[in-house]
Structure formats: structure tokens, C-alpha cells
């Protein structure tokens, strides 16, 4: 392919990428959809790249996309030990919100949420963003006050949010149990009208296609086995497909971050735990908002296929196996059956787990490191999907300029040493 | 699901009968040296974790039994529990041998300050 050799284009990037539209759909329908071209290449790695991104999940692919589209850095590889979007990007519950408490968090999560608004147009790929509205139930007096505080903080910085009472909750979610006759009656809710969901795989695929069209090599089934350096500077990576030289290395490997950074001799303030989710059998439309019930540890939304998508708290102990334990699921389902009595006889079809990287303050790390040319983006914990566009955007700035921008600066690694942690253990909600 | 045996009272239970207290053997720097704690030492104590893929040493509490804390040696991939030992004890040599070099280095380093202390 000749993408890398082409001059960068302003909007669509590479001329090779065929635009998806109603006309291309109609044209391909005429031929029984046999002639769709591949959305991205499967190249062999080159000997050397300006930037190698480790991890082709949403964050890694978004970083590659913004490096190419915003900074015109296209000699970039994204290497992935499995298949792209096969880690937490394909395992989350697709919720998008920005109702965090601290200023740096609100800045990055709202940047991300706002980028989601027109991401389908930007990528020419339907990510099915659905700002259907998001509720965080308040089921104790304490939670009611905490969420009021969050809603005020959100409104001060321009994030649309308001508190609603039980009657309005019932109006938005008719299937909810609004009686007083339960352990945790609903006292009200935080409401973010522009929160919602998107199609998680499509976000990875859209960024992959956009990055590939601009000349980025996405190399799947290529595992990193070592990071080489001379003195304080990185020189490249040993991989299962041979050595790849790199001027800069950006590690975006979520639950495996500790292991990859260890290859460069760095330890991380992270613990890897399993976070599980499950889906029910498909049913008719029953709930058209996202509802989170943090006191009882469960949240639920309905997918376009009709399945109820359910998530809960993380398992309590370190885990690298991508398989969770049954008590955590049982706890979540128990809570949701009380909140939504009609689901009590619904069968659950699938359950799965992803390995999330938890930091001590439940906020992410977007940072340079003590090794020159080595950058890390991790610690998104249980909130990675919602932050993909914002994270990719600010991390690309950091990697391109070797200098964090205004938003990324707060999330540097040295905050743990300086004691300026960004405590989001309440906003991160259910999963700790 | 983990099935755990409390080494203190001997009761066997599921993981929900116990509470995981996270990585073990994290020494609080202020205990040894209240006046001279570096920012690095405090960060390591508060936030840095070994997070190994494989054999791990962690603290558990026998929540619905005797209520005592103890250490367990567990594999973070296979979930197999290799053994238990007391909350004040170091891992037995046989278990330590199985673990990541990070853990072996940890106990090597932990020996040093007390050696220094003995000299002074």
C-alpha cells in the first residue's frame, strides 16, 4: 500500500479509503455485499517507526488516529498481542458520561463525551452514539448530597446536569421500583441528559480505519517481549515478529500495563483486577436510558438488540485471567432485581470479564516517564470506554510534543509523589 | 470462585466468606523512621504495587470465621492457592521460590534496613 507515501489530506486522509455513504451502501447491496474492501490493512512491521503504540484497543487506536490527523505523524505502528479491540474495548458496557467531581476529571471526560457527539461524522464510521440520558440513582441521604455536589460542580464548568426527584425518575424509567418498601428506596437521581452509550467495537474499528488510511500500520498478533534502551532513552521493542526500532514508545495496555512497563524497568501504581459484565436474553424495549445504582452496585441499559446490558463491581482481588468470580455477579444481579423487579425471571445469556487497571485515586495516568521517549496512558480502571476520544486526543498531543497539554498535565505520574491525587472514588462509582 | 481455608481457625469457605486485603508485605516507612520519610518512600508505600502476573502474596481476613488476618500465596492467572502463612510471617522459602523475581528482590531489600539498624 502507498498510504504512507501520500501527502496528508485535510479531511479524509488517504485517498485509498473509500467513503462509506448511502451511495456506497446501495452500490454494494446491488452486488450482495461481496465487494466491500477491507477496512484496514494487515501489514508486516517495518524496521523502524517514529512512534510505536503498544496496544490496539480504543485508546491506542485513537492515539494513533490523532497523531496522524492532528499532528501529521504517520510513521506510526500500533502493535497488539491479540486482535484489535479485543481487550477491554470489546468487554465494557459502552456507557458514556462525564459526571465526575474534580476539575481535571471533568475536563477530560467532558472533552471525551463531546468528541463522541460527532465522532461518526469525523471518522466516517457509524459508532452509533446514543445520548439517551444517564441516571445515577441516589438511594441514601449521603449519596443524594454527594450527587448534588457533583451536579453543581458539573454545571459550574458547563456540563449539562441536574438533580431529579423520584417522580421524574419513575417517568424516565417506568420499570423502576419506586416504592418505599425496599432496603434502599430511591430518593432522587442525578441526571445527565447527554450521557448515553455507543457501539464499543465500532469505536475501535472506526479509529483503526481512520488511522490506517493515514498510513498507520496496525500489526495484530504481535506481542511485545521486551523494551530496549540505551541509557535513559528507548530504542525499540522486541516482539514476537522481531525487533522494531522506535524513537518513541507509547504504552496503552490497560490491565497489562504493569507487565509492559516492567520491561523498561519501571514499576507502576496500578493493580489489575477483573471487572465483569453480563447480558440478558433480548426483550422488547423496556428502558431507554442508562441507570446506575451505585449504593447497591449495579447498572443497566438496553442494547439495540434488546439485551439488557448489566455491570457491577469489580472482583476484590488481583486477577489477570479475564474470568471473574460468581459472587460478584450474584451481588450485582441481586441489587438490580430489587431495583427493577420485572427482570427477576429474565435469563442471562452471556457473562465475561476484562482486566482493569486500578490506580490508588481511581484517576487515569497520562504521562511521560523517567525513560526518555517512553509514554504511558493507563489507569482508566472501570471507566475506559467513555474516555477513548479525549484520552487519545490529549495523549497524542503529549507524544507528539513531548509536553503534556493543559488537560493531560494533571494526570502525570508524579502526582503520586507530590500528593496531588485526583480522588474520584465516588464518581468511579460502582467498581471498587 | 476461590475456596479458602483459614490457617488460623481452620474453617474452609468461599471467597465471599473472606475479605481480600490486597498486596502483602508493604511496610509503612513512618513506622521505622517517622522523621525522615522521602516522598518516594511514601509514594511507594501508598500507591506502588508489584501487581505480578502469576504468584502473588496477599493479605486475607477470615470475615465470617475467626476474624483474623493471614497471608495467602495465590496465582493471579490460574487462581490456584499454593499456601497460607501467618500475618506476621514472611513467605516460606518454597513459596518464594515460585514467585516473580520482583518478590524475591523485595525480601532481599527488606532485609537491608534492619541489618543497618543492627549495626548502628
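The residue of region B:23-54 that is nearest to residue A:259 (Cα to Cα), among those that are in contact with a strand residue (DSSP E or B) (Cβ under 6 Å, 6 or more places away or on another chain) and at the interface with chain A (Cβ under 7 Å from one of its Cβ atoms), is B:51. Criterion applied to B:32, B:58 was being modelled with pLDDT under 95 and within 29 Å of residue A:414 (Cβ to Cβ), and the one residue passing it is B:32.
Among the residues of this structure, residue A:231 counts as one that is at pLDDT below 95 and touching a strand residue (DSSP E or B) at 6+ places or on another chain (Cβ under 9 Å). For region A:151-184, residues that are surrounded by 14 or more Cβ atoms within 10 Å (Cβ to Cβ), under 19 Å from residue A:298 (Cβ atoms) and touching a residue at least 24 places away in the same chain (Cβ under 8 Å) total 8. Within region A:306-320, the residues that satisfy the criterion of being over 20 Å from the mean Cα position of the chain (by Cα) and over 20 Å from residue A:197 (Cβ atoms) are A:316, A:317, A:318. Identification of helices (runs of 4 or more DSSP H) wholly contained in region A:95-171 with 2 or more residues that are under 30 Å from residue A:24 (Cβ atoms) yields A:103-117, A:119-123. Candidates in region B:4-22 are the residues that are without any contact (Cβ under 8 Å) to a residue 24 or more places away in the chain and within 20 Å of residue B:73 (Cβ to Cβ); of these, the one that is farthest from the other protein chains (Cβ to nearest Cβ) is B:10. No other residue among A:376, A:399, A:394 is closer than 22 Å to residue A:52 by Cβ, assigned to a strand (DSSP E or B) and in contact (Cβ under 8 Å) with a residue 40 or more places away in the chain apart from A:376.
The single condition among (1) over 25 Å from the mean Cα position of the chain (by Cα); (2) touching a residue at least 24 places away in the same chain (Cβ under 8 Å); (3) in a strand (DSSP E or B) that residue A:248 does not satisfy is (1). Before we move on, is residue A:144 in contact with a helix residue (DSSP H, G or I) (Cβ under 9 Å, 6 or more places away or on another chain) and surrounded by fewer than 23 Cβ atoms within 10 Å (Cβ to Cβ)? No; evaluated as a whole, the condition is false for this residue.
Residues are listed down the side, and each one gets a yes or a no for (1) away from every other protein chain (no Cβ under 14 Å); (2) over 22 Å from residue A:197 (Cβ atoms); (3) surrounded by 20 or more Cβ atoms within 10 Å (Cβ to Cβ):
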residue: A:352; (1), (2), (3): yes, no, no
residue: A:363; (1), (2), (3): no, yes, yes
residue: A:372; (1), (2), (3): yes, yes, no
residue: A:387; (1), (2), (3): yes, no, yes
residue: A:392; (1), (2), (3): yes, no, yes
residue: A:405; (1), (2), (3): yes, yes, no
residue: A:417; (1), (2), (3): no, yes, no
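Screening region A:267-282 for residues that are out of contact with any helix residue (DSSP H, G or I) (no Cβ under 9 Å at 6 or more places or on another chain) and surrounded by fewer than 19 Cβ atoms within 10 Å (Cβ to Cβ) and picking the one that is farthest from the other protein chains (Cβ to nearest Cβ) gives A:282. Which of the residues that make up region A:299-328 are in contact with a strand residue (DSSP E or B) (Cβ under 6 Å, 6 or more places away or on another chain) and in a helix (DSSP H, G or I)? Selection gives A:328 alone. So which residues in region B:69-104 are modelled with pLDDT under 95 and within 11 Å of another protein chain (Cβ to nearest Cβ), if there are any at all? Passing the criteria: B:100, B:101, B:102.
Would you mind stating whether residue A:210 is under 20 Å from the mean Cα position of the chain (by Cα) and not in a strand (DSSP E or B)? Yes; evaluated as a whole, the condition is true for this residue. Applying the set (1) modelled with pLDDT of 95 or more; (2) in contact with a helix residue (DSSP H, G or I) (Cβ under 9 Å, 6 or more places away or on another chain) to residue A:330 leaves exactly one unmet item: (1).
The values are calculated or read from the model by the stated rules, or taken from the named source; none is laboratory data. The structure displayed is predicted, hence computed values, not measured ones. Counting neighbours? That spans all protein chains shown, and the Cβs are built from the backbone with ideal geometry, glycine included.
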